[in-house]
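Taken together, the values in this text are just the output of simple stated rules run on the coordinates, not laboratory data. A quick note: this is a predicted structure, and the numbers were derived from the prediction, not measured. Heads up, the Cβs are rebuilt from the backbone with ideal geometry, glycines too, and the neighbour counts pull from every protein chain shown.
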Amino acid sequence: MTTQAWNVQEAVDGCARAGIPWIGLWRHKVQEMGVEKSARMVRDAGLQVSGLCRGGMFPAGTKAERDKRIDDNRRAIDEAATIGTDVLVLVCGPAQNCTLEDARQMVEEGVAALIPYAQARGVKLGIEPLHPMFAADRSVVSTLGQANDIVYRLQSEQVGVVIDIYHVWWDPKLYEEINRSAGHIIGFHVNDWLFPVKDAMMSRGMMGDGCVENARIRRAVEAAGYHGPVEVEIFNRTIWDTPYDEVLTQMKERFETEV
């Protein structure tokens with residue numbers, strides 16, 4: 001999403017030109033291009049897929065709607081397996097026609113319902129907590145502690161957490177919860193928090209342009225045992241309007257100096 005206007009082919013080609021060996025894909029882009037075709041493009045370029053975003057969105061006011069969402073998550077698991085990643089990122093969903101408590105229970109029940117299918121397809125389910133300002137429209141899982149609680153209760157090797165710096169940097173229990181995540185961190189996203197916040201979604205910045213201690217958090221994540229690919233995920237209209245080869249060059253430079 002850092003190169004939002006590119007389709008899968010353009011993003012794959014851009015990563016190859018920039019010498020970036022991994023790419024994080026989003027479902028709507030993959031579906032536009034075609035799942036099998038997207039998988040072939042990635043393979044032909046010699047890249048690997050760090051994760052597919054997004055599954056989730058579990059809470060709903062009726063059982064029929066919740067079942068539809070579980071079915072869509074099974075399709076997302078299939079897509080992840082086809083494009084060659086073992087990580088499906090879950091943005092768990094807001095409360096819809098229910099209480100916050102009920103919505104959080106629906107999230108846990110939804111993840112639990114997917115475990116057998118995810119296991120059969122070789123895909124892990126990564127619960128990504130979102131900043132509390134997204135609780136009303138995107139996720140009732142707002143802290144890494146909440147995500148860890150779900151993982152510990154479900155006790156499945158198929159379920160882990162995805163840590164996105166933009167969403168968790170503020171948490172006074174962050175480093176305690178990163179330590180508690182040891183053994184089940186399956187994704188790590190870096191960026192920065194720009195201030196003042198003018199748009200909740202679009203206030204991410206290039207690493208080093210905001211207030212986040214990227215390097216410190218990365219050290220903590222690695223100390224907790226995660227040594228997989230690190231995704232740079234930036235929603236920012238200025239970056240989206242910049243030539244993307246320039247964005248990828250800057251991204252690599254900032255990754256070396258700030259992360």
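Among Thr62, Thr2, which comes first, then next, by fewest other beta-carbon atoms within 10 Å? Intermediate results must be reported in sequence, preceding the final value.
Values: Thr62 11, Thr2 21.
By the 10 Å Cβ count, ascending, the order reads Thr62, Thr2.
For Met57, what residues show an amide H to amide H distance below 5 Å, using hydrogens built from the backbone and excluding near sequence neighbours?
Here Val91, Cys92, Gly93 satisfy the definition.
On the principal axes of its Cα set, how long, how wide and how thick is the chain? Give whole Å, largest value first.
47, 42, 34
Could you calculate, for segment 180-259, the ratio of the Cα radius of gyration to the Kirkwood radius, expressed as Rg to Rh? Present the calculation step by step, with values, prior to reporting the outcome.
Values: Rg = 13.4 Å, Rh = 13.4 Å.
A ratio of 0.99.
Can you sort Asp137, Asp192 from fewest to most other Cβ atoms within 10 Å of each residue's own Cβ?
Values: Asp137 13, Asp192 25.
Result, fewest neighbours first: Asp137, Asp192.
Using a 10 Å cut-off around each Cβ, can you sort Cys92, Cys98, Cys211 from fewest to most neighbouring Cβ atoms?
Cys211, Cys98, Cys92
List the lysines whose Cα lies under 25 Å from the Cα of Lys29, skipping any in the same chain that are fewer than 8 positions away.
Reachable lysines: Lys37, Lys68, Lys124, Lys252.
Under the definition of Cα pairs under 8 Å and six or more residues apart, what whole-number percent is the relative contact order of the chain?
Working: 490 pairs, mean separation 42.7, N = 259.
Here the relative contact order equals 16 percent.
More than 20 Å apart: what percent of Cα pairs in segment 111-259 qualify?
Values: 5511 of 11026 pairs.
Cα-Cα pairs of segment 111-259 separated by over 20 Å account for 50 percent.
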